[in-house]
Amino acid sequence: MNNKKGFANIALVVLVVVVAGALGYVVLFKKPVSTEQLNSQNTQPTLPTMPTNTVSNSEPSITILSPNGGESYKLGDRISVKWSSHDISSETTLQISFVHPGSNVKDVLGYSKNTGSYIWKVDDLPRPLPRELLISVEYNDREIPPQECYGDCKHNVIATDSSDSPFTVTE
């Protein structure tokens, strides 16, 4: 019976040492938890937040995607003019034009809602060909389609972009 008591005492001593060691580890090595950390671990459900309407402070912009320079087309081709825009409604009508490099004169191809694309059939260009051109997409405050005007037709350009470099049209 003494052996059983001795074994029980040894087991009790081992258990006390293990518990004391674990407690000592927690006290000495574990970082204390702050009140903010405890509050952030709160498991109560939170209500979803509703999105708020925000007003953008950025300016409207247009970026030509294609043709953006270096392309080659033939008379009669259908060119897909593509652009991206920022802060311009899809209901806004834009002016699509071609421009001769080095000139400020724009030859209006047509008008399109801000869908991001416009198909232009290349058919009526001044000769001689080949001809280098730029595409321009413009958002302005002009009446669309514009009324005939003679002389200086003033309007305010709100956003515009042109091809980064010319593309070529050949016969």
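Diagonalise the Cα gyration tensor of the stretch 61-170 and give the resulting equivalent ellipsoid semi-axes, square root of 5 times each eigenvalue, largest first, whole Å. Could you put the intermediate results ahead of the total?
Numbers: eigenvalues 100, 57, 31 Å².
Values for the stretch 61-170, descending: 22, 17, 12 Å.
If R₀ is 22 angstrom, what is the calculated FRET efficiency for the pair D107 and S61, using the beta carbon separation as r and rounding to 0.05? Before the final figure, lay out each step's value.
Working: r = 23 Å, r/R0 = 1.06.
FRET efficiency, D107 to S61: 0.40.
Within the stretch 61-170, count lysine pairs with alpha carbon atoms under 19 angstrom apart where the residues are 8 or more positions apart or belong to different chains. Can you show the working numbers first?
Numbers: K74/K82; K74/K121; K82/K106; K82/K113; K82/K121; K106/K121; K106/K154; K113/K121.
Lysine pairs, 8 or more places apart or on different chains, close enough: 8.
Only the coordinates and a few stated rules stand behind these numbers; no lab work does. Bear in mind the structure is a predicted one, so any value in this text is a computation, not a measurement. Heads up, the Cβs are rebuilt from the backbone with ideal geometry, glycines too, and the neighbour counts pull from every protein chain shown.
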